[in-house]
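The values are calculated or read from the model by the stated rules, or taken from the named source; none is laboratory data. What you see is a predicted model; the values in this text were computed from it and never measured. Heads up, the Cβs are rebuilt from the backbone with ideal geometry, glycines too, and the neighbour counts pull from every protein chain shown. Ligands, DNA and RNA are stripped out before the accessible areas are found, and what is left, the full protein with its side chains, is counted by its heavy atoms. Shrake-Rupley method; radii C 1.70, N 1.55, O 1.52, S 1.80 Å.
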Amino acid sequence: MLCLSKELLSNSNGMAQFQEVMRQQLESSMHVELEKLLSTAKGAGAEVSKKDFEGFRKLFHRFLQVKGPSVEWPKINRPPEDSIQPYDKIKAKGLPDNIADSLNKLVVVKLNGGLGTSMGCKGPKSLISVRNENTFLDLTVQQIEHLNKTYNADVPLVLMNSFNTDEDTKKILQKYTHHRVKIHTFNQSRYPRINKESLLPVAKDMGMTGENGDVWYPPGHGDIYASFYNSGLLEQLIAEGKEYIFVSNIDNLGATVDLYILNHLVSQPNGKRCEFIMEVTDKTRADVKGGTLIQYDGKLRLLEIAQVPKAHVDEFKSVTKFKIFNTNNLWISLSAIKRLQEQNAMDMEIIVNPKTIDGGLNVIQLETAVGAAIKCFDNALGINVPRSRFLPVKTTSDLLLVMSNLYSLDAGSLTMSEKREFPTTPHVKLGSSFTKVQEYITRFESIPDMLELDHLTVSGDVTFGKHVSLKGTVIIIANHGDRIDIPAGSMLENKIVSGNLRILDH
Amino acid sequence: MSFVADLYRSSPNAGMAEFQEKLRLQHENSMHTELEKLLSTAKTPEAEISRKDFEGFKKLFHRFLQEKGPSVDWAKIQRPPEDSIQPYEKIKLKGLPADVASSLNKLAVLKLNGGLGTSMGCKGPKSLISVRNENTFLDLTVQQIEHLNKTYNADVPLVLMNSFNTDEDTKKILQKYTHHRVKIHTFNQSRYPRINKESLLPVATNMGLTGENEEAWYPPGHGDIYASFYNSGLLDKLIAEGKEYIFVSNIDNLGATVDLHILNHLMSQPNDKRCEFVMEVTDKTRADVKGGTLTQYDGKLRLLEIAQVPKAHVDEFKSVTKFKIFNTNNLWMSLPAIKRLHEKNAMDMEIIVNPKTLDGGLNVIQLETAVGAAMKSFDNALGINVPRSRFLPVKTTSDLLLVMSNLYSMNAGSLTMSPKREFPTTPHVKLGSSFTKVRDFLKRFESIPDMLELDHLTVSGDVTFGKQLTLKGTVIIIANHGDRIDIPAGAMLENKIVSGNLRILDH
């Protein structure tokens, strides 16, 4: 398909017409296949799936229409001076007397559709314990409850689940019944993976078991707009007087409700209603592929690496020109979402995500990113926030950091410990033996003291006894076939450890 | 000595104080006698110089016997006043005058060149180590000043403070700069006798520097600059030539170039006062927590070194929340002020007691002083908080690897971080004990790797690097005892851990 497509592109008007015919044929085939699938659906789920497939067809239609990078590089401009505000400037404005008024207009939405597969977990990632037996979800609930109690407010929590996480999450939600947080859920769409060659769904029926076990996918967090709207929850919240949602990844422990940003939003800067705020922060070397903000066609726009023409990728990664990246902490007007959704004006670039499923079949997933819609909202704004608002836990190396005494926990929020003299985050790299959470937990008898750590690298079969202290630069390398057991109580400061050391009970 | 120390620690009373005073007098008399004996063995031309050196030593010894314990009362230490430490950006904002040459012509550059490169396995002067494209520290220094003199049609001389360890070798090398547009002067630090830790008497048996006396002498730290500069006659000569200030720095600090904005600030007499002393300080990182810092004490700006801090407060001293800056040892001083203070015998510097063990196992001490400690003696002393780039010391081969690499660009003898470096931070480089000596280091690197995108490099054990390597991100190379790792030419290592055994041999 791809090869044929390239050849076709190089030709003339007759060819263009041929292309159009082929596109229509592909769309017709897709429509037929989707109707077949729907005919296998059980009663209750059928209506939901029908709506999901409407969304999928729109996406597929656009996928067939659009080709190549979606931006013309020369038209990219630097964002206007005041379109990205420094956080300190926002903070300098202070807070109003009645914070509860602002809070009562707010809803917190956490993106909870992800499994922790990259960390070796089977269930929802938000149910991984990250601190003193608290899960991501526990911490989130604690944060919002603390806000509600402190300011006598009513900020609800909304979880966007996927078909992968909904059932397990709902079971867990029972334990928060007596917490002062209203919790709602809605589900992302369920879209069919399509064969890379035929561009037709791989699924045989609407089931999710057996041979249909990995034929479905949640279509990225850009789906939030449609699924939020379709769930009816958007209307319900507007009816309750809510005006804004604060959306963030549930595994970003720095994404707490910031009262200064909320106040800025509610205060309608420059006399205009700001409908969208994207929190951005300065790039480090680890972030050079992250999406950034640009001015394009007169609007503030998110530019992702996937949209960049090949010849300009290095320029995109360069920090001298694009200094900031998107944290995916977003503040969005509820009524604007409703308006744009009803006008069918939510425009997000398609991300074509190729995958190989278990049998070796090559498939693609059509996805969108929530931040890409920024250009559709009026008076969109970036706020350059401190790094502390971006504390993602994607690996066990990240998990070690947040579990350690580098951070203090208070009312569900983590802040860097005051005892840390240089408020930088140590560089921690745990090797492949630590990738899965269950292995990681087995290998650390307790979490080491890391208050004075700058750099930790661990490779190979290594275990840590209790009450280990790590300072400065610590490198521990067990060669293949060797094992190193770090004795309980060890203090390692600027040390390289290699060789073989076993500690056995006697 | 421990017996004497015990006496010092006991509670004072009249009788005991009198006894202590007698003991001190006895020590001083014994020292005087021994020094006279040594002088009697001196050859005629050097005798007068040595006599002056010993005068300085006796003063130091006298003060050493008088003082005890930390020299500061911790409760009296205060934060420096707001304007006593100026941000460099503020200095720079003032811009430069039209005639830069007028200011430059009042300046002399003085490099502390008394050190050997022993910690890097060298025998001769450290300043003769090649650090960049076959240029030595001294070459780079001369190039920098020549560039200034040509650019601004100025006459900034270079003064080298040598020690008895470096003077002869340095003078030989100076011949090659005959046709450079830099006047170069030298003077020697004092030569002081190491003293036995127990008897407090000199270890030396005669004035010679060979045989059993080879280790009997030491250069007494850079605080000696004031006395030896004065005694050499060069101070008066420079003043007579119209020079007003010297810029003093360690010769192995490659960031210590003449900064025109600081010079201009000095010349412009801030707040209508003649500033006699500027100390460049910069923000501490974890590697700098032991560095000296600035405090306000007895109404004057003062350098506080860790050696002066009472034991109970050392952790507080190291804490970065209270003491955020440290001394780079880049210092700008008024020449007439040095003359005035020296002639009044008013140069007050704390004694640093530096214990050492000689090759034969004998325990000795060296009495030293630090040049920056005199700050409190100068009028209107000022700190300037400069960028980290002005502190680029080369103390180890790890530092040497950094400055030899493409992380830095060189122009007219000055190194600046390459504009191609995206994140202008200095990578953390730690080479293991196999690389400590410069000649081992050079042998193990066939060429210097590309380090433009390096964050962290750790190398341990018997490792060699082929030509044209690229190191990016975090690279860790560990050869266990008995193993050897030869990194192949052309290898690109990005975020890699390398361990095991790999030999590459010619065939």
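Values computed for the structure shown
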| item | result |
| --- | --- |
| Subset tally (residues that are exposed (fewer than 14 other Cβ atoms within 10 Å of the Cβ), among the charged types (D, E, K, R) and part of a loop (DSSP other than H, G, I, E, B)) for the stretch B:291-323 | 2 |
| Strands (runs of 3 or more DSSP E) within the stretch A:417-506 that include 3 or more residues β-branched (Val, Ile, Thr) | A:469-477 |
| For A:Asp347: the one exception among (1) assigned to a helix (DSSP H, G or I); (2) free of Cβ contacts under 8 Å to residues at least 40 places away in the same chain; (3) not small (Gly, Ala, Ser) | (1) |
| Residue among A:Thr473, A:Thr415 that is away from every other protein chain (no Cβ under 14 Å), at pLDDT below 95, within 25 Å of B:Ser319 (Cβ to Cβ) and touching a strand residue (DSSP E or B) at 6+ places or on another chain (Cβ under 8 Å) | A:Thr415 |
| Residue that is surrounded by the fewest Cβ atoms within 10 Å (Cβ to Cβ), among those in the stretch A:175-232 that are out of contact with any strand residue (DSSP E or B) (no Cβ under 7 Å at 6 or more places or on another chain), at pLDDT below 90 and closer than 20 Å to A:Val352 by Cβ | A:Glu197 |
| For A:Ile383: the one exception among (1) within 28 Å of A:Ile90 (Cβ to Cβ); (2) open to solvent by less than 10 Å² (accessible area, probe 1.4 Å); (3) not in a strand (DSSP E or B) | (3) |
| Scan of the stretch A:421-444 for residues that are among the β-branched types (Val, Ile, Thr) and either away from chain B (no Cβ under 11 Å) or open to solvent by less than 70 Å² (accessible area, probe 1.4 Å) (or both), ordered by number | A:Thr425, A:Val428, A:Thr435, A:Val437, A:Ile441, A:Thr442 |
| Single residue of B:Ser460, B:Ser405, B:Ser418, B:Ser409 found to be open to solvent by less than 50 Å² (accessible area, probe 1.4 Å), without any contact (Cβ under 8 Å) to a residue 24 or more places away in the chain and not assigned by the TED database to the domain that holds B:Met347 | B:Ser409 |
| Only listed residue being without any contact (Cβ under 8 Å) to a residue 40 or more places away in the chain, closer than 18 Å to B:Glu48 by Cβ and not aromatic (Phe, Trp, Tyr), chosen from B:Asp167, B:Asp224 | B:Asp167 |
| Any hit, the stretch A:189-204, residues being among the hydrophobic types (A, V, I, L, M, F, W, C), assigned by the TED database to the domain that holds A:Lys122 and in contact with an Asp or Glu (Cβ under 6 Å, 6 or more places away or on another chain) | yes |
| The stretch A:116-129 residues that are assigned by the TED database to the domain that holds A:Val437, paired with ones that are hydrophobic (A, V, I, L, M, F, W, C) and exposed (fewer than 14 other Cβ atoms within 10 Å of the Cβ) (beta carbon under 6 Å, 6 or more apart) | none |
| Near pairs, Cβ below 9 angstrom, 6+ apart or cross-chain, from the stretch A:238-252 (over 17 Å from A:Lys110 (Cα atoms) and at pLDDT 95 or above) to any residue that is small (Gly, Ala, Ser) and open to solvent by 10 Å² or more (accessible area, probe 1.4 Å) | A:Ile238/A:Ser335 |
